[in-house]
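Asker: My structure is below; once you've seen it, I'll send some questions.
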Amino acid sequence: MVSAARRHRPEKPRLIKVMLTRTSDYESIGEKTYRQVRTDILFGKLVPGEKLKLDRLREDYGASVGTLRELLSRLATEGLVVAEGQRGFEVAPVSAENLREIAALRLLLESHALTQSFAAGDMDWEGRVVAAYHKLSALEKRLLSGQRADSETWKRYDWEFHHALISDCGSNALLEAHAPVYDKYLRYQMVAGIFRGEIAAREHKKLLECALSRDAATARDVLAIHIQACVDFTIAKGKLPSTA
């Protein structure tokens, strides 16, 4: 007999589309340009504080000035671009203080989502987690051996693993709140150019083991260490001002 809790289990949330994936041929020019500019900000090609001159952007991205104004305003609402009134736009600045705030918010959201996901996860969820970990760990092994890897691919695999862990949390609103926070956290990793090496790889493996054993309490502790250690490592590199 099916229990009442199972009969009323909420519909599984759809997987949030990864913002860093390559754009589809079916997207509009404006959407393609938005995603490319956004990716260039997240990966540090457009550096913090850089003036975003429309004439230069038009040449670089092949979009009209009107399209560029619209997408820069959209990015400003996301906190990735700062609108300066009549002076135009610039890439949002970074600071150690802001990194700590973003990291704390990521930990808050991800810990809650992780707990819910571990409780509800089924075999399909396990499959997503294992598949995502396989890709990430294979790329981390290449990096640890001294091989070069495309930073966008590396961080996309990192995102896919962390997202898979929380993907069965039962709340689209929670996943949608988490995604842009994760992206801002990622931006700091790219700006500082960090790879914590074997330590981070071990933490990912431990998170996988916790997922397969449904040990949410230990996973939350590992996640807290994973995030805080990255923050400490990033700030220790000395590339961030104290405040924006």
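Bear in mind that the values in this text are calculations on the coordinates, not laboratory data. Just so it is clear, the structure is predicted and the values come from calculations on it, not from any experiment. All Cβ positions, even for glycine, are placed from backbone atoms using ideal geometry, and neighbour counts span all protein chains on display.
Asker: For the pair residue 218 and residue 69, how long in nm is the line joining their label points, each one 7 Å along Cα→Cβ?
Answerer: 5.7
Asker: So what's the Cα pair-distance distribution over segment 67-158, bin width 10 Å, in %?
Answerer: 13, 23, 32, 26, 7, 0
Asker: With only Lys, Arg, Asp and Glu charged, each at its Cβ (+1 for the first two, -1 for the last two), find how big the charge dipole of the chain is about the Cα centre; round to the nearest 20 debye.
Answerer: 160
Asker: Now a separate question. Using the alpha-carbon atoms, what tilt in degrees (0 to 90, nearest 10) does helix 172-192 show relative to the longest principal axis of the chain?
Answerer: 60
Asker: Moving on to the next point. Considering lysine pairs in the chain that are 8 or more places apart or on different chains, how many have Cα atoms under 13 Å apart?
Answerer: Total qualifying Lys-Lys pairs in the chain comes to 4.
Asker: Check residue 46: other-chain or 5+ apart residues with amide H under 5 Å from its amide H, H built from backbone geometry?
Answerer: Amide H neighbours of residue 46, under 5 Å, 5+ apart: 41.
Asker: Using a Förster radius of 22 Å, what is the FRET efficiency between residue 83 and residue 59 based on their Cβ-Cβ separation? Nearest 0.05, please.
Answerer: 0.55
Asker: So how tilted is helix 216-236 from the main axis of the chain? Cα-based, degrees 0 to 90, rounded to 10.
Answerer: Approximately 30 degrees, to the nearest ten.
Asker: Give me the percent of Cα-Cα pairs in segment 96-236 that sit more than 26 Å apart, rounded to a whole number.
Answerer: 17
Asker: Show that you can apply the helix-only estimate: for the chain, add -39,500 (n - 2.57) for every DSSP H stretch of four or more residues, divide by all residues, and state [θ] at 222 nm to the nearest 500.
Answerer: -21500 deg cm²/dmol
Asker: So, with +1 on the Cβ of K and R and -1 on the Cβ of D and E, and no other charges, what is the size of the charge dipole of segment 29-91 about its Cα centre, to the nearest 20 debye?
Answerer: It works out to roughly 60 debye.
Asker: Can you classify segment 66-114 as rounded, prolate or oblate using the Cα gyration tensor, where a ≥ b ≥ c are the square roots of its eigenvalues, rounded means a/c under 1.5, and otherwise it's prolate if a/b beats b/c and oblate if not?
Answerer: Because a/c hits 1.5 or more and a/b fails to exceed b/c, segment 66-114 counts as oblate.
Asker: Return the FRET efficiency for the residue pair residue 31, residue 229: r is the Cβ-Cβ distance, R0 is 51 Å, and the value is rounded to the nearest 0.05.
Answerer: The value I calculate is 0.90.
Asker: How high is the relative contact order of the chain, in percent, counting Cα pairs under 8 Å that sit 6 or more residues apart?
Answerer: 27
Asker: Separate question: Give me the tail of P(r) for the chain as a percent: Cα-Cα pairs with distance above 22 Å.
Answerer: Here the tail beyond 22 Å accounts for 57 percent of pairs.
Asker: Moving on to the next point. Can you tell me the relative contact order of segment 96-236? Whole percent, Cα pairs under 8 Å, sequence separation 6 or more.
Answerer: Answer for segment 96-236 is 40 percent.
Asker: Can you tell me the 0 to 90 degree angle between the C-alpha axis of helix 198-213 and the longest principal axis of the chain, rounded to 10?
Answerer: In the chain, helix 198-213 runs at an angle near 40 degrees to the longest axis.
Asker: Let me ask you something else. Please report the relative contact order for segment 29-91, taking Cα pairs under 8 Å with a sequence separation of at least 6, and give it as a percent rounded to a whole number.
Answerer: 39
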